[in-house]
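Peer 1: Handing you a structure now.
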Amino acid sequence: MNDSTQNARPAPRNRLAEFGNHIYRSLFRYGRVPQDAEGQSYAVFNSLFLHIHPVKVSRHSLRFGYTLGLGVIATALFLVLTFTGIWLMFYYFPSASEAYNRMLDLRSAVDFGFVLRNVHKWGAELMVLVVILHMARVFFTGAYKPPREFNWLVGILLLLLTLGLSFTGYLLPWDQLAFWAITVGTSIAGYAPVLGPPLRRFLLGGDVVGQEALVRFYVLHVVILPGLLSIFLAVHFWRIRKDGGLSHPDDNDIPPKGGGR
Amino acid sequence: MNEVNTKHVYPEDPSKTYGLMELVKGTKPTVGLQPDDMVFTWPHLLVRELTLFVVVVAVLLVLAFLFNAPLEELANPNHPPNPAKAPWYFLGLQELVSYSAVIGGVMIPTLIVLGLALVPFVDRKRTGIGVWFAKERSLANGLFLTFLILMLVLIIVGMFFRGPNWGFVIPWESAQ
Amino acid sequence: MKKTNVRMQQPGMDRRTFLTALGLGGVGVSALIAAVGNLLYLKPAVDYGPPTVIRAGRPGEYKEGIKEVLEDQRVVIVRDKKGFAAISITCTHLGCTVGTSDAGFECPCHGSQYDNDGFVTGGPAPRPLDWYQVSIAPNGELEIDKSVKVPPGTFFKA
Ligand code: HEM
Ligand code: FES
């Protein structure tokens with residue numbers, strides 16, 4: 001080491017900036033806002049969260065008038081529901097004697113409790129609506145045709161899971177609406193031949209809607225069904241990429257091919 | 001670059017809008033029939049997604065501050081409310097169930113789900129993809145629209161035209 | 001050693017195929033057993049619900065022609081000339097609690113109607129209301145066993 005290199009060392013303030021810059025670069029490798037095609041590509045496929053997207057998408061699939069944004073809205077609703085649902089879990093208690101009191105507390109005592117509950121409730125209703133509309137969009141644009149048959153099936157599963165989530169969530173407040181909707185709903189299940197009566201007992205943990213049923217619905221609502229929905233959502237997105245992005249007029253009249261693509 | 005080899009392993013398929021390739025500097029990818037049709041995900045798709053997300057959150061917050069989610073009295077196993085109504089998306093089902101539990105509650109829903117699942121395997125012709133209400137598909141679209149309207153009618157009947165003991169009521173006449 | 005070789009030459013079953021089949025079979029069978037075990041675990045084993053045998057007071061407390069609703073038990077005690085009966089007030093359609101009416105019983109949920117003996121007179125209910133077994137407990141009270149159903153019209157003479 002000689003004097004000249006010593007003098008070239010940055011002043012303390014700059015060293016701090018450099019240190020910060022180092023950390024920043026380790027998090028976001030390719031600069032702040034990507035400026036060129038390379039940066040834009042890297043920004044997408046170097047990120048765990050963004051790389052469910054391809055680097056490029058067709059203009060057609062971006063037209064709002066084509067998708068009406070319904071799938072993305074449904075995903076957004078699911079994320080919001082997951083967030084508010086987990087937050088509600090801090091106060092909610094799946095007990096037949098306590099649940100309803102907790103709902104009252106959320107409404108009046110807990111700061112912003114009513115906001116979380118209302119967002120969760122309205123979000124859940126909207127999600128059912130949006131998922132159905134999304135299915136209608138897919139149908140009316142012929143987007144279930146080869147090679148997207150499988151993704152249509154995954155979608156139906158997602159619809160059933162969404163309905164299951166709302167049905168199980170419906171019991172949790174333990175109010176009159178909840179109790180009788182679930183009494184009637186599980187009785188309907190009991191009418192199914194052979195599997196009906198045991199399925200009903202499995203759901204209720206007994207023969208009537210009571211404490212056991214509340215615990216079972218709670219576990220289904222906060223763990224099992226959201227978990228399954230997340231998994232199949234991932235499959236749904238993965239299929240979109242494997243099927244060559246969203247449906248496109250160019251997909252018409254392509255001779256069917258055997259085997260997966 | 002080893003273009004020849006790449007082609008052998010990954011034959012060109014005009015229906016794919018993506019492909020396995022090297023990262024190359026340039027503004028156009030080499031897949032797809034019309035390269036000009038493709039735009040970068042960053043920013044074009046991402047801003048749209050983010051916008052929708054923000055709109056969804058904003059709408060939900062407005063709804064949440066304006067309208068309280070319903071909460072009725074504590075559950076009471078001895079007194080069903082009269083009429084006891086399911087959430088709106090199950091009202092069509094409840095309407096069917098009021099005629100027959102087995103047909104309306106089990107058979108019809110099972111048939112609907114099976115029917116929906118079979119759609120892409122029955123209607124396999126690759127025509128009319130990628131546009132709304134394509135002419136070639138008017139039969140399929142007509143059938144599906146009829147199905148949706150039927151569901152909607154059932155839901156509306158269950159929502160507004162059913163009163164105590166699930167009896168038929170005219171909403172604007174029983175308003176007192 | 002030689003024996004093994006002979007066996008290995010038999011068509012369709014060399015050692016590798018055999019062991020693979022054995023291994024896969026083992027995994028398959030274990031998975032099946034595990035699945036059954038998990039299902040059994042979820043099957044409600046203990047009944048945490050309300051007790052099924054209830055006492056309903058002395059027979060003398062009921063006047064003839066009375067329909068006494070025991071709400072918490074979801075049962076109505078009927079006494080007429082023929083004796084006592086305990087009729088369920090759980091609607092056989094989809095499980096709502098029926099209310100009493102002049103003609104018998106009426107369900108608020110989908111409008112099923114029953115006569116005084118619980119037979120369906122209207123609405124979607126598929127079968128009459130359940131009748132439970134009535135007897136006299138050792139202490140002289142009426143005892144109703146909700147786990148034992150009797151044919152409608154079976155009155156108990158006290
Ligand atoms: C991981 C995701 C979720 C979690 C952790 C969660 C958690 C909860 C909790 C703790 C409650 C009880 C508090 C309350 O009733 O407000 C609840 C209620 C409810 N949830 Fe969820 N939830 C999730 C997703 C969903 C989804 C996707 C839907 C429907 C599409 C849904 C529909 C409902 C409904 C309808 C209620 C009743 C709300 C009310 O009446 O106030 N939930 N949820
Ligand atoms: S539950 Fe009584 S009529 Fe449906």
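Peer 1: Within a 10 angstrom radius of each residue's Cβ in A:130-139, how many Cβ atoms of other chains show up on average? Whole number is fine. Can you show the working numbers first?
Peer 2: Numbers: counts 1, 1, 3, 1, 0, 3, 4, 1, 1, 12.
The mean count of partner-chain Cβ atoms within 10 Å per residue comes to 3.
Peer 1: Let me ask something else. Enumerate the amide H contacts of A:Lys56 below 5 Å, restricted to partners 5 or more residues apart or on another chain; note that Pro and chain-start residues carry no placed amide H.
Peer 2: Long-range HN contacts for A:Lys56: B:Thr41.
Peer 1: Given charges of +1 on the Cβ of Lys and Arg and -1 on the Cβ of Asp and Glu, with all other atoms neutral, how large is the dipole of the stretch A:60-242 about its Cα centre, in debye to the nearest 20? Working shown, then result.
Peer 2: Working: 14 positive and 8 negative charges, 166 e Å.
In total the dipole reaches around 800 debye.
Peer 1: A further question on this structure: Can you sort A:Val209, B:Val39 from fewest to most other Cβ atoms within 10 Å of each residue's own Cβ?
Peer 2: Numbers: A:Val209 29, B:Val39 16.
The fewest-first ordering by Cβ neighbours comes to B:Val39, A:Val209.
Peer 1: Each residue of the stretch A:80-88 in turn: what ³J(HN,Hα) in whole Hz from Karplus with 6.51, -1.76, 1.60 and θ = phi - 60°, glycine and Pro shown as x?
Peer 2: These are the phi-based 3J(HN,Hα) values: 4, 5, 5, 4, 5, x, 5, 5, 4 Hz.
Peer 1: Do any of A:Lys242/B:Lys125; A:Lys121/B:Lys125; B:Lys85/B:Lys135; C:Lys81/C:Lys149; C:Lys81/C:Lys146 go past 29 Å between their Cα atoms, and which? Present the calculation step by step, with values, prior to reporting the outcome.
Peer 2: On the way: A:Lys242/B:Lys125 20 Å; A:Lys121/B:Lys125 41 Å; B:Lys85/B:Lys135 40 Å; C:Lys81/C:Lys149 21 Å; C:Lys81/C:Lys146 23 Å.
In this structure, A:Lys121/B:Lys125; B:Lys85/B:Lys135 lie more than 29 Å apart at Cα.
Peer 1: Any number yet on Rg/Rh for the protein assembly as shown, C-alpha, Kirkwood?
Peer 2: Details: Rg = 31.8 Å, Rh = 29.3 Å.
Here the Rg-to-Rh quotient is 1.09.
Peer 1: Here's a follow-up. Rg/Rh for chain A: what does it come to with C-alpha atoms and Rh from Kirkwood?
Peer 2: A ratio of 1.13.
Peer 1: Determine, from the Cβ-Cβ distance of C:Val148 and A:Leu104 and an R0 of 35 Å, the FRET efficiency 1/(1 + (r/R0)^6), rounded to the nearest 0.05.
Peer 2: Values: r = 41 Å, r/R0 = 1.16.
The pair C:Val148/A:Leu104 has a calculated efficiency of 0.30.
Peer 1: Going by C-beta contacts inside 10 Å, put A:Glu18, B:Glu72 in order with the fewest on the left. Each step should come with its number before you reach the end.
Peer 2: Details: A:Glu18 11, B:Glu72 15.
Listing A:Glu18, B:Glu72 from fewest to most nearby Cβ atoms yields A:Glu18, B:Glu72.
Peer 1: Viscosity 0.890 mPa s, temperature 25 °C: what is the translational diffusion coefficient of the stretch B:88-174 from Stokes-Einstein with a Kirkwood Rh over Cα pairs, rounded to a whole number of µm²/s?
Peer 2: Values: Rh = 15.1 Å.
This corresponds to a translational diffusion coefficient of 163 µm²/s.
Peer 1: On to the next question. Averaged over its residues, how many other protein chain Cβ atoms are within 10 Å of peptide C:133-142's Cβ atoms? Can you show the working numbers first?
Peer 2: Details: counts 0, 0, 0, 0, 0, 0, 0, 0, 0, 0.
Whole-number average of other-chain Cβ neighbours for C:133-142 is 0.
Peer 1: Another one. Can you pull the mean other chain C-beta count within 10 Å for peptide B:62-69? List each step's numbers first, then the result.
Peer 2: Numbers: counts 1, 7, 12, 4, 2, 3, 6, 13.
Mean number of neighbouring Cβ atoms from other chains: 6.
Peer 1: Could you please tell me the mean projected area of the C-alpha convex hull for chain C, averaged over all directions and given in square nanometres to one decimal? Show your work: numbers first, answer last.
Peer 2: Values: hull surface 69.6 nm².
Over every viewing direction, the Cα hull of chain C projects on average to 17.4 nm².
Peer 1: Counting helices only, and only those DSSP H runs with n ≥ 4, report the 222 nm mean residue ellipticity of chain A as the sum of -39,500 (n - 2.57) divided by its residues, in deg cm²/dmol to the nearest 500. Don't jump to the answer; show the numbers that get you there.
Peer 2: Working: 13 runs with 171 residues, N = 261.
Dividing the helical sum by the residues of chain A leaves -21000 deg cm²/dmol.
Peer 1: What is the Å³ per residue value for the convex hull set by the Cα atoms of the stretch A:131-234?
Peer 2: Expressed per residue, the convex hull around the Cα atoms of the stretch A:131-234 is 120 Å³.
Peer 1: Further, regarding this structure: Given an 8 Å cut-off on Cα distances and at least 6 residues of separation, report the relative contact order of chain A as a percent. The partial results should precede the final answer.
Peer 2: Details: 196 pairs, mean separation 47.9, N = 261.
18 percent.
Peer 1: Here is a follow-up. Return one number: the angle in degrees, 0 to 90 and rounded to the nearest 10, between the long axis of the Cα atoms of helix C:15-42 and the longest principal axis of the Cα atoms of chain C.
Peer 2: Helix C:15-42 sits roughly 20 degrees off the main axis of chain C.
Peer 1: Could I ask something else about it? Please report the spacing between the Cα centers of the stretch A:9-87 and the stretch A:145-214 in Å, no decimals.
Peer 2: After rounding, the separation between the Cα centres reads 37 Å.
Peer 1: Oh, and also: Work out from phi, with θ = phi - 60° and the Karplus expression 6.51 cos²θ - 1.76 cosθ + 1.60, the ³J(HN,Hα) of each residue of the stretch A:149-157, listed in order in whole Hz, and give x for Gly and Pro.
Peer 2: The phi angles translate into 4, 5, 5, 4, 5, 4, x, 4, 4 Hz.
Peer 1: Here is a further query. Sort C:59-68, C:104-113 by the packing proxy (mean of other Cβ within 10 Å over each peptide's residues), most packed first.
Peer 2: Details: C:59-68: 12.7, C:104-113: 23.7.
My ranking of the peptides, most packed first, is C:104-113, C:59-68.
Peer 1: Show me A:217-226, C:47-56 ranked by packing, highest mean number of other Cβ atoms within 10 Å first.
Peer 2: On the way: A:217-226: 18.4, C:47-56: 14.2.
The most tightly packed comes first, giving A:217-226, C:47-56.
Peer 1: Next question, about the same structure. At a 10 angstrom cut-off on C-beta neighbours, averaged per residue, how do the peptides B:114-122, A:111-119 rank from highest to lowest? Display every interim value, and only then the final one.
Peer 2: Values: B:114-122: 14.0, A:111-119: 18.2.
Packing order, densest peptide first, comes out as A:111-119, B:114-122.
Peer 1: Right, here's the next one. For the stretch C:93-132, restrict the atom set to alpha-carbon positions and state the Rg and Dmax in Å.
Peer 2: Here Rg and the maximum Cα pair distance are 8.7, 24 Å.
Each reported figure results from applying straightforward, stated rules to the coordinates on display, with no laboratory input. Worth saying up front: this structure is predicted, and the values here are computed from it rather than measured. Here Cβ is always computed from backbone atoms with ideal geometry, including for glycine, and neighbour counts include all displayed protein chains.
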